[in-house]
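Only one structure is covered here, and it is reproduced in the block below.
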Amino acid sequence: MKVQEAAALATEKSVKVLLYTIDRTPDDRLTWKPCETARSALEVAAECALVTGNWAEILQTGACPPQDVYFQIFSRMSAISTREQVVQALQDETSRLISVLRDISDERLQDNLTVFWGESRPILSWLHWVAIHNTYHLGQICYIQRLYGDTVD
């Protein structure tokens, strides 16, 4: 199996688990926050969709935008404010990223990609970034569920 396909499958799996977790979150808890400065499960999932879209663009072009441009995606967070919108955005952006991952040629895998925080590595080492990001945020959503009393694994 090619590494591009492995990354696509890992990304696909991470979003399936994320979607499952959002699906089983009760409506009255989807926007619940444990404190004023925290994000809700819905907001965390919306971030995952937005970041996935960013990384589809980054991996397709081989260039990461500057930090201020990268974080402009969060200005679109309010447009993803319902369960249906989050699910659709996660599905659409993941589908786009998976296509990008599968289309990366073997020759491009060694091309250097420098991200806005200064880290520079071959594209090969960034292919699983969204799967890792999704999994990190899945843990946050599961912890939010524990905080509001959902103890079913």
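The values are calculated or read from the model by the stated rules, or taken from the named source; none is laboratory data. Computed from a prediction, not measured in an experiment: that's the story for all the values here. Here the Cβ is made from the backbone with ideal geometry for all residues, glycine too, and neighbour counts use every protein chain on show. When the accessible area is computed, the model is the full protein with side chains, heavy atoms only, and any ligands, DNA or RNA have been set aside. Shrake-Rupley method; radii C 1.70, N 1.55, O 1.52, S 1.80 Å.
Points to keep in mind about this one:
- Tally of residues being of a type in the set (A, V, I, L, M, F, W, C), outside any helix (DSSP H, G or I) and modelled with pLDDT of 95 or more across region 116-153: 1
- Qualifying residue in region 72-79 (condition: surrounded by 15 or more Cβ atoms within 10 Å (Cβ to Cβ) and among the β-branched types (Val, Ile, Thr)): yes
- Residues of region 48-97 satisfying the condition of being at pLDDT below 95 and charged (D, E, K, R): 68, 76
- Condition check for residue 95: within 17 Å of the chain's Cα centre (by Cα), under 13 Å from residue 3 (Cβ atoms) and surrounded by fewer than 16 Cβ atoms within 10 Å (Cβ to Cβ): no
- First in region 54-67 and open to solvent by less than 20 Å² (accessible area, probe 1.4 Å), second anywhere and assigned to a helix (DSSP H, G or I) and modelled with pLDDT under 95, Cβ under 8 Å, 6 or more apart: none
- A residue that is touching a His at 6+ places or on another chain (Cβ under 9 Å) and either within 26 Å of residue 142 (Cα to Cα) or charged (D, E, K, R) (or both) cannot be found anywhere in region 101-108.
- Scanning region 80-92 for residues that are of a type in the set (Gly, Ala, Ser) and either more than 14 Å from the chain's Cα centre (by Cα) or open to solvent by 40 Å² or more (accessible area, probe 1.4 Å) (or both) gives a single hit, 81.
- Pairs linking a residue in region 89-105 that is more than 19 Å from residue 74 (Cβ to Cβ) to a residue that is assigned to a loop (DSSP other than H, G, I, E, B) and modelled with pLDDT of 95 or more, with Cβ atoms under 7 Å and 6 or more positions apart or on different chains, are 101/127.
- Selection from region 19-32 of residues that are under 12 Å from residue 141 (Cβ atoms) and open to solvent by 60 Å² or more (accessible area, probe 1.4 Å): 20, 23, 24, 29, 32
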